[in-house]
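The values are calculated or read from the model by the stated rules, or taken from the named source; none is laboratory data. Computed from a predicted model, the values in this text were never measured in an experiment. Cβ atoms come from the backbone with ideal geometry, glycine included; neighbour counts cover every protein chain shown.
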Amino acid sequence: MIPAFAAFPTYNDAGGIFLRTASIFSNMSLLSSAVIIVALFFSLLFLSFAIVAINVVVKHSRVQRKITREVIQGLEKYTSKVFIVLLLLSAVIVLADMLSFGTGYSGIITSLAILAITPFVFYAPASIVIDENRILRSLKASVSFFFRRFDYFLLWLFLAIVLITFFDFVFIAASGTVYSRYALLVFNSLFILPFLVVLQSEMYMKRFRLLKR
C-alpha cells in the first residue's frame, strides 16, 4: 500500500523513520553509526522529559494541586523510566528493520512489530507519571487500558492524522516544499506533539471517575 499512500504528507511525517533508515545498512561506517546512536539517545531523552513535564502539569491541574518541589525533584525519576520505554520501542523498530532487511518485506514486518508493541507503550508514560508505576507495571496498565478503551486510541489516531495532514498542506501552500518541512517540524514539536501528549494523559485519567468533568 506504500505507493498509494506515499503521495500523502501524513505518510512522510508518520513514516519518516522508515524513509530515513531503509537504506543506511549498506553504507554505514563506525562514525556514522555512532552519530546515529548518540542522536537517537539525546532525542529520546529530550522527548522523555517533555512527555513527563506535560503529564505532570496535566495530573496536577486535574487534581487541583500545586506542583511542589518534591514533584520537580522527581522529574528525573519519571524521565528515566519514560526514556527506557521509548528506548524499548526504538529498539524493537530498529531490530525488526535490521532482521527483515533484504527480505523485501522490511516495511511490512517493521509496521507489524510497531502495531504489536503499541498497546504496551501508548499509555505507559502516562501510567508512570500519573500512577507512579514501575516500568513493567506501566506496560501492563497501558495494555489493559488500551484494549478496554480502544475507542480513545482510534479518536487520538484520527485527530493526529487530521492535524498533521491539515497543517502539512497549510505550510506547503504558504512556503512551498523547500522550507515547509522545517517549519512544520518546529510547529509539530511546539504545538501538535504537546497537544497529542495532553490528549493521551487526559484519556488515561478518565479512569478516575471523580476527576471527570
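Couple of notes before you dig in:
- Filter result for S127 (within 21 Å of P194 (Cα to Cα) and loosely packed, with under 15 Cβ neighbours inside 10 Å): no
- All of F169, F147 fail the test of being of a type outside the set (A, V, I, L, M), part of a helix (DSSP H, G or I) and modelled with pLDDT of 90 or more, apart from F147.
- Residue match in the range 36-46 (condition: surrounded by 15 or more Cβ atoms within 10 Å (Cβ to Cβ), at pLDDT 85 or above and touching a helix residue (DSSP H, G or I) at 6+ places or on another chain (Cβ under 9 Å)): yes
- So S189, is it part of a helix (DSSP H, G or I), touching a residue at least 40 places away in the same chain (Cβ under 8 Å) and closer than 22 Å to V121 by Cα: no
- Check on D97, among the acidic types (D, E), at pLDDT 90 or above and under 19 Å from the mean Cα position of the chain (by Cα): no
- Any hit, the range 132-143, residues being surrounded by fewer than 15 Cβ atoms within 10 Å (Cβ to Cβ), more than 16 Å from the chain's Cα centre (by Cα) and either under 18 Å from V58 (Cβ atoms) or modelled with pLDDT under 85 (or both): yes
- Selection count where residues are surrounded by fewer than 16 Cβ atoms within 10 Å (Cβ to Cβ) and either in a helix (DSSP H, G or I) or among the hydroxyl-bearing types (S, T, Y) (or both), scope the range 95-106: 5
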